[in-house]
Every structure is written in structure tokens, then in C-alpha cells.
Amino acid sequence: MNGTDSLLTFASHDPKTGEVLKEFHITDQANVNAIVVDARLASLAWQALGFEGRKRVLLNWCSVLTENLNEIGSLIATETGKPVGDATLEASLAIGHLAWAAKNAGRVLKSHVRPSGILMFNMKSEVERSPMGVVGVIGPWNYPIFTPMGSIAYALAAGNTVVFKPSQFAPAVGDWLAHSFATIAPFPNIFSVIQGLGDTGQFLTKSKVDKISFTGSTRTAKLVAATCAERMIPVVLECGGKDPVIVAQDADINKAAENVLWSAMSNAGQTCIGAERVYVVEEVADAFIEKITALAKKIEPGKNYGPATMPSQLGVIQSHIDDAAAKGAKFALGNTTSVGERYVEPVIMLDVPEGSLAITDETFGPTLTINRTASIEEAISLANATRYGLAASVWSKRHGHHIASQLQCGMVSINSVIAFAAIASVPFGGVKDSGYGRIHGPEGLMEFTYPRTIISPRFKIPIEFTTFSRTRFADNFIKTLIKFLHSKVVG
Ligand code: NDP
């Protein structure tokens, strides 16, 4: 951070105990603006390094992160409350994305020549991808390294400098990332971190960044998008989900139950792409419910997953359980007293009315609704009957792809859960209230660039079109050519 930071501070807390971990200086608006100015200056030299130069730097960062995997794993675990194993897995996946972005940016973003068409056959048409300049990344607390790295790595590899605002619930992870980058950075201000609460995020969206990549709630995403609209800057929004699972008659029930349970309850249910609603066809519903409930009974909060990272989430989880109970849902596991002071016991609700909060709103807790359907068509229809559209999981031995293609969401796992997040070559993002834009994969690299079309004459032709001295012959030539090319009625 710059030297003149505001004296205002905020504290990070251990979600397991509530005890203060560390105080952080809040970056005030003047400093956010100054950091963005520094990042813009640095972006020129960062772009000048080229793909190979940036690749070397980013792969060196990968090495530093890998060498210090235990340290970052334990820091994430401390700030979020999740088990160290989960935190280390999260950091490992983030490193995988960084390496992929570094190695593939040159290939994906290289300039290429396009056909010019018969009318413009003498022109050479090229499209090159230009970095945006400075990208502002606003991160969440549930996966404090994996999620922002999906923007940071891809934006840096594409040639942008990055200013990152971590969540107020994971500031130390943000600082750690900045310090680790500084150990391998060829010069300063390529990757900077600002700290603070929601206001600091807002300062970033109002600063002179060229693009914002935001992960968090739909409510805040709309505020971010509105602010970006004022400056006409593009934005990537990775918001929440209400991810459905469809279990078909020909599903491997044991595997489905085991994986869906992990998807719903790991990380205390605080996973935007985690299972929240199951639609299981009647024929296999009893078997699925029996299996998943038996497995869920073995899960222990505090061992298999941590406390709610953001204490206010407990109220949301409680309200969803209470609402479902009041509307007539049955409980296969847990009940309205399952939400503790910090931890939530696993909750599985059955026959939950479709208008319940537990079906319509993101719960972000270790809870799962399971509703029976008369057919796969009904399951698909209910899965799509939501304002969200992030991810989904489909369990069927023979019809997985057919079902997946009918789901209104950005990512579907067939006979698996969440695995797409670990595959760096595929895009990640949603539709509807789950946001727009993509991180990860070639789409994620392109997201942090804009296309620049460059055309030039390859050779001279006797007919000139773009001049006031265009001849009657040229006009007739165009007419004849267009008729020849496009007048035929097809079918
Ligand atoms: P928010 O959307 O409020 O916060 C996400 C990020 O945006 C944080 O870094 C936050 O900073 C920042 N922020 C807050 N207000 C503004 C603003 N006006 N302009 C710019 N940035 C801002 O989410 P919460 O952390 O409050 O969580 C609320 C809900 O969002 C959860 O219950 C969950 O349902 C969902 N969520 C979804 C996530 C996902 O992965 N899609 C991740 C996290 C939450 P600060 O933390 O300092 O307030």
C-alpha cells in the first residue's frame, strides 16, 4: 500500500472463536486512486514484457506459491475456519489455474488473420487482442485464493496489471498473495492489494480501472455493475447460485449420494457451485434419500467442515430452515435447532415447497433440499425454475448429456460434482442472477482483453470503393457480385 493510508482500521476474526486475528489499515479513496494510477504506469512495462516475459514471472510466482503451500493453506484455514486439507486443496487448484493461464496466454491471445471475403479480397484482415490496462478484482471470503485467482491469474497473463480488494473476512490471504508476488516481481505495481470493507470495493469500482471482476452476492454485483455503467467500463460478475442436482432412474445411487453430499456440505455449504437442491425421480428417491441421509449422519461440523465464515450467514441459514419447516417440509436430518452459535449441523429437508426460501434463495450453509419428481422432464423444469443459473450436476448412466444440454446454467457436471472448477481449460461463470462474463480457460483470458481489428491492402486493385471518385463500373461490379453471391433462395 502507499505511504499515506488512512488511519482507519478493521480487524479479521477467527470464525471458530470470534477472537481478533489481526488489524488491517483501510485503504482510503485517495490511496485507491493513487494505487490504480501506479498500476496503470506499470501496465505499460508489463505489456512490453510480452507473453514469454510474463509467463516467466507468473511461473516463478507458481513456484513461490507451491513452495509455501503449507503456509498459505494454514492461513486460509485460520481466516475462513475451513479444514487445512480443504484450504490446501483450494490453494493447489489456484496454482493450477495460474500455471495454465501463464502457459496458454500466448497461444490463445495471439493475433490471427481472418478471411476478408470476395468483395474485400485484396485486404489483409487481422484481429489482435489488447489487454484492458488495469483490472480491479473484488474477491469473496468462501474461497479466498481460488476464486480471485480465477481473475487475477488470467488478467495478469493477458497483460493487465491488477488491483485486488479481498473480502474483509480474508484480508491476510490478500496481503500474503501480494507479498508473495512481490518476491518475484520484476518491478512494482503489477499486482497490488487494497484493504477495507465494502466502501473500499466501491472506491475501486469508481477509480480509473479499465475493468472490474467481481465475485460475491447478486445484490452487491448489481451495485458494482451500476457503478461500472456510469464509467462505461466492462465487468465480470461471478455471483451466487442455487445449484440443482438431477438424479435419474439409471443413476449410480451410491456414488450420487456420496458426491452430492460433499458438494452440498463441504466448506460448510459456502460454495457458490455447491449442491443446494436435489430433484430425484420417484423410482429411486427412497434409495437415494436413505443413502445420503446415512452418509450425512457421519459428518461432523468442526471435523469435516468449519464454522460459518461470515457470522451473519447463520441468520440466513436459520431463516431458510424455519421457512421450509413452516411451509411443511419434512426433515430427513437435522431440524430448526441445527444452527448453532458458529457451526451448523448438516440439514436434509424433504418435500420442500417450491416457493420456500430454501428453494428460491442461496442458503450458503450445510443444508440440502430433496424433492421427488414424477419424471426427468419435471426435474429439468424445476431445476430451471430459478432466478439463478450457475452450475448443476446430473446423475444418469445413459442420459446425462441429453439432460445437461437442457439446463439453463453455465456449467454442468455429469456423474460428478464441481470438477469443472479444477479444469483450467474450460470457462467458469453463470447466467441469469448468477452473473455474466467468464473466468478460466481461453474465454477467461479473452475476458481481460479487447479485440482490435487491423486491416491493410495486400495489393492494389483497379476498382476503388472507398473514394468519392468511385466509378459507375465499380457500382455495377458490386451489384453484380452481390447478386451472384447472395440471390439464390435456399430450401
Ligand atoms: P458481498 O457481495 O457483499 O461481498 C463480496 C465482495 O464485494 C467483498 O469483497 C465485499 O467487501 C465487496 N463489496 C461489498 N460492497 C461493495 C460495493 N458496494 N462495491 C464494491 N464491492 C463491494 O458478499 P458478502 O460477503 O456480504 O456475502 C453475502 C452473500 O453473498 C452470501 O451470503 C452468499 O450468499 C453470497 N456470496 C457468494 C459468493 C460466490 O462465490 N458467488 C461468495 C461470497 C458470498 P467486504 O467483504 O469488505 O464487505
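The values are calculated or read from the model by the stated rules, or taken from the named source; none is laboratory data. Computed from a predicted model, the values in this text were never measured in an experiment. Methodologically, a virtual Cβ is constructed for each residue, glycine included, from the backbone with ideal geometry; neighbour enumeration extends over all protein chains shown.
General observations
- Qualifying position, being at pLDDT 95 or above, small (G, A, S) and within 16 Å of the ligand (Cβ to nearest atom), among A178, A185, A158: A178
- Residue check, N122 away from the ligand (no atom under 16 Å from the Cβ), farther than 21 Å from T66 by Cα and touching a Lys or Arg at 6+ places or on another chain (Cβ under 8 Å): yes
- Checked across the stretch 177-189, the condition of being within 23 Å of G441 (Cα to Cα) and part of a strand (DSSP E or B) holds for no residue.
- Residue within the stretch 152-163 that is at positive phi, surrounded by 24 or more Cβ atoms within 10 Å (Cβ to Cβ) and either of a type outside the set (D, E, K, R) or touching a residue at least 40 places away in the same chain (Cβ under 8 Å) (or both) present: yes
- The stretch 203-226 residues that are free of Cβ contacts under 8 Å to residues at least 12 places away in the same chain and on the phi < 0 side of the Ramachandran plot, paired with ones that are more than 6 Å from the ligand (Cβ to nearest atom) and among the aromatic types (F, W, Y) (beta carbon under 7 Å, 6 or more apart): none
- Candidate set from the stretch 418-467 (those that are of a type in the set (K, R) and at pLDDT 95 or above); member that is nearest to T480 (Cα to Cα): R458
- The set of residues in the stretch 20-48 being touching a helix residue (DSSP H, G or I) at 6+ places or on another chain (Cβ under 8 Å) and not hydroxyl-bearing (S, T, Y) consists of L21, K22, F24, I26, D28, Q29, V32, N33, V36, W46.
Every residue, every condition in (1) within 29 Å of the chain's Cα centre (by Cα); (2) touching a residue at least 40 places away in the same chain (Cβ under 8 Å), yes or no:
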position: I233; (1), (2): yes, no
position: L237; (1), (2): yes, yes
position: A251; (1), (2): yes, yes
position: K255; (1), (2): yes, yes
position: A294; (1), (2): no, no
position: S312; (1), (2): yes, no
position: F331; (1), (2): no, no
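- Residue match in the stretch 317-325 (condition: of a type outside the set (F, W, Y), buried (at least 17 other Cβ atoms within 10 Å of the Cβ), under 30 Å from D14 (Cα atoms) and more than 16 Å from the ligand (Cβ to nearest atom)): no
- Listed by position, the strands (runs of 3 or more DSSP E) inside the stretch 212-302 whose residues that are within 25 Å of V344 (Cα to Cα) and in contact with a strand residue (DSSP E or B) (Cβ under 9 Å, 6 or more places away or on another chain) number at least 3 are 243-247, 275-281.
- If you go through the stretch 346-380 and keep only what is in a helix (DSSP H, G or I) and either more than 16 Å from the ligand (Cβ to nearest atom) or modelled with pLDDT under 95 (or both), you end up with I376, E377, E378, A379, I380.
- Inter-residue pairs, beta-carbon under 6 Å, first over 29 Å from P148 (Cα atoms) and in the stretch 98-127, second assigned to a strand (DSSP E or B) and acidic (D, E), 6+ apart: V113/E126
- Close pairs (7 angstrom Cβ cut-off, 6 or more residues apart or separate chains): touching a residue at least 24 places away in the same chain (Cβ under 8 Å) and in the same structural domain as L204 (by TED's automatic domain parsing) in the stretch 13-28, assigned to a strand (DSSP E or B) and buried (at least 20 other Cβ atoms within 10 Å of the Cβ) anywhere: L21/S12; K22/S12; F24/S12
- Any chance I184 is crowded, with 24+ Cβ neighbours inside 10 Å, touching a residue at least 24 places away in the same chain (Cβ under 8 Å), of a type in the set (A, V, I, L, M) and assigned by TED's automatic domain parsing to the domain that holds A48: no
- Of the residues making up the stretch 322-345, those that are in a loop (DSSP other than H, G, I, E, B) and within 23 Å of A379 (Cβ to Cβ) number 3.
- Residues in the stretch 124-151 that are of a type in the set (S, T, N, Q) and surrounded by fewer than 24 Cβ atoms within 10 Å (Cβ to Cβ): S125, S130.
- Restricting attention to the stretch 75-109, the residues that are assigned to a loop (DSSP other than H, G, I, E, B) and among the hydroxyl-bearing types (S, T, Y) total 0.
- Identity of the residue in the stretch 218-276, outside the structural domain of A77 (by TED's automatic domain parsing), among the acidic types (D, E) and surrounded by fewer than 24 Cβ atoms within 10 Å (Cβ to Cβ), that ends up farthest from the ligand (Cβ to nearest atom): D250
- Residue that is farthest from Y436 (Cα to Cα), among those in the stretch 354-397 that are of a type in the set (F, W, Y) and touching a strand residue (DSSP E or B) at 6+ places or on another chain (Cβ under 7 Å): W395
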